[in-house]
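Working notes, structure below.
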Amino acid sequence: MDKITSIKVDDIKTKIDKQDIYIYNGFMAISKYIKSIDEDIKRLKKWDIEEVFIKDSDANADGYQTPEDFEKFARECIVYKNIYMGILEKVKTSLGDFRYNNIVNISNLKSIIDSILDLINKNMNAAIALLNIENLSRDDYYYIRSLNVSMISLMLGKVMKFPEDKLQKLGLGAILYDIGLIRIQDKVLNKHEQFTPEEYIEIKKHTVFGYKIIKTNFRLEEEIAVIPLEHHEHYNGKGYPRGISGNQIHLYPKIVAVAHSLEKILKPIRISKDSKRTPTYAKIVNGVKTVENKTLSDAVREIIKGANIKFDPIIAKLVVGTFSVYPVGTVVVLNDNRKGLVFATNISYPIRPIIKIVSDENDNFIEDGEVINLIETNKLLISGVDKDSNILEEVKSRLLDKKENNDGN
């Protein structure tokens, strides 16, 4: 077994020489082959990562290296989006049947979990890109959030090597994690202004309501019912409803808490719940609270910052390995001002993904840009993330146009 030693980020340059540096077991932060590590060290500090690890190991890539690989990825994103929308319709039917008609169909829910797992098993990268889908109906947010939280939870469960039966239980509990909200009055649930203290107390009851619904109506086992009950508990004991902490919280709701927070940052429904709980993605503009556009990369960073506070530190760090520092679908800005679309990650080196150049230094779209594995170059670094870009949709649109033209010839 490799010997693993922890090192403070501030001590990297003085205590480490020609060794791979890891954020967490198996997830590399800085390769021994990179000559200049100053920028990578700055990036670790920016991400609030204070401690790294060293051991004898080599970095490896996911195997995506060519423009053909990128085109395959983009085409799969098109196919997967259609599959995702089909699954979403099934989620709306199953959860809607219970919400409006009190009809329970466990077999339909299990079929949905099987479909999500099939999507993840076929191509994790394309599945991750689905989390960035935009232009979905605001009226469907409850169903979208239920689906995405289940999908993220199952991705984490796969990384944690859960067997099939545990994945089924995790997926079921995750898709029903907010089922207790149907017992909350619509006038409170649909409110977009700050909650009053009384309304916030009412909202918090959804955890207990969810537990009772799963036990009484769905008649599912305790380890599934505990997911809605405990997904708002915090690792430091300052959550609700019971204020339990650490290992008192079941593993499944710990995972779902992370998944819920990732999805919530990506698709915030309301600006704030009350004056004391203004989310990190809200900012004040001319005295008015507005929601700042956030990427999956931002969401991953928020999870890392919440380790040991809201989230189990082991699960929080696994998020970096699952989604990477720069997740699939992220548009990154390079130090030469070109932009690249992340379409694959280096599993053991999340700071340096594999990208397809999609715009030049003057922000002109490039359809046939080169594919660059950033682990193989010292000259190119990621200097930022373009939060407002919708380049992946542009790429998919052009591929569809190309297919239609070819079919017409």
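Considering only the stretch 323-343, state which residues are in contact with a helix residue (DSSP H, G or I) (Cβ under 6 Å, 6 or more places away or on another chain) and at negative phi.
PHE323, TYR326, PRO327, VAL328, THR330, VAL331, LEU341, PHE343
Among the residues of the stretch 332-356, write down those that are among the β-branched types (Val, Ile, Thr), at pLDDT below 90 and buried (at least 21 other Cβ atoms within 10 Å of the Cβ).
THR345, ILE351
Residue by residue, here is whether (1) outside any helix (DSSP H, G or I); (2) out of contact with any Gly (no Cβ under 8 Å at 6 or more places or on another chain); (3) modelled with pLDDT under 75; (4) of a type in the set (S, T, N, Q) holds:
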{"residue": "VAL358", "(1), (2), (3), (4)": "yes, no, no, no"}
{"residue": "GLU361", "(1), (2), (3), (4)": "yes, yes, no, no"}
{"residue": "GLU367", "(1), (2), (3), (4)": "yes, yes, no, no"}
{"residue": "GLY384", "(1), (2), (3), (4)": "yes, yes, no, no"}
{"residue": "SER397", "(1), (2), (3), (4)": "no, yes, yes, yes"}
{"residue": "LYS402", "(1), (2), (3), (4)": "no, yes, yes, no"}
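How about the stretch 217-245: which of its residues are outside any loop (DSSP other than H, G, I, E, B), crowded, with 16+ Cβ neighbours inside 10 Å and free of Cβ contacts under 8 Å to residues at least 40 places away in the same chain? It would help to see each step written out before you state the result.
Step one: filter the stretch 217-245 for residues outside any loop (DSSP other than H, G, I, E, B), giving 222-230.
Now drop any that are not crowded, with 16+ Cβ neighbours inside 10 Å, which leaves 224-230.
Once the filter is applied, which keeps residues that are outside any loop (DSSP other than H, G, I, E, B), crowded, with 16+ Cβ neighbours inside 10 Å and free of Cβ contacts under 8 Å to residues at least 40 places away in the same chain, the stretch 217-245 yields LEU229, GLU230.
Among the residues of the stretch 179-207, which ones are touching a residue at least 60 places away in the same chain (Cβ under 8 Å), more than 20 Å from LEU88 (Cβ to Cβ) and in a helix (DSSP H, G or I)?
PRO197, TYR200, ILE203
Having 1 or more residues that are of a type in the set (Phe, Trp, Tyr) is the bar; report the helices (runs of 4 or more DSSP H) wholly within the stretch 73-178 that clear it.
Once the helices (runs of 4 or more DSSP H) in the stretch 73-178 are filtered for at least 1 residues that are of a type in the set (Phe, Trp, Tyr), what remains is 141-159.
ILE269 passes all but one of (1) in a loop (DSSP other than H, G, I, E, B); (2) in contact with a helix residue (DSSP H, G or I) (Cβ under 6 Å, 6 or more places away or on another chain); (3) at pLDDT 95 or above; which number fails?
So the condition that ILE269 fails would be (3).
Anything in the stretch 370-382 that is under 22 Å from GLU71 (Cα atoms) and either buried (at least 22 other Cβ atoms within 10 Å of the Cβ) or at pLDDT 90 or above (or both)? List them, or say none.
Hits for the stretch 370-382 are GLU370, VAL371, ILE372, ASN373, LEU374.
The values are calculated or read from the model by the stated rules, or taken from the named source; none is laboratory data. Model, not experiment: these values are computed from the prediction. Neighbour counts are summed over all protein chains in view; Cβ atoms, including those assigned to glycine, are modelled from backbone coordinates with ideal geometry.
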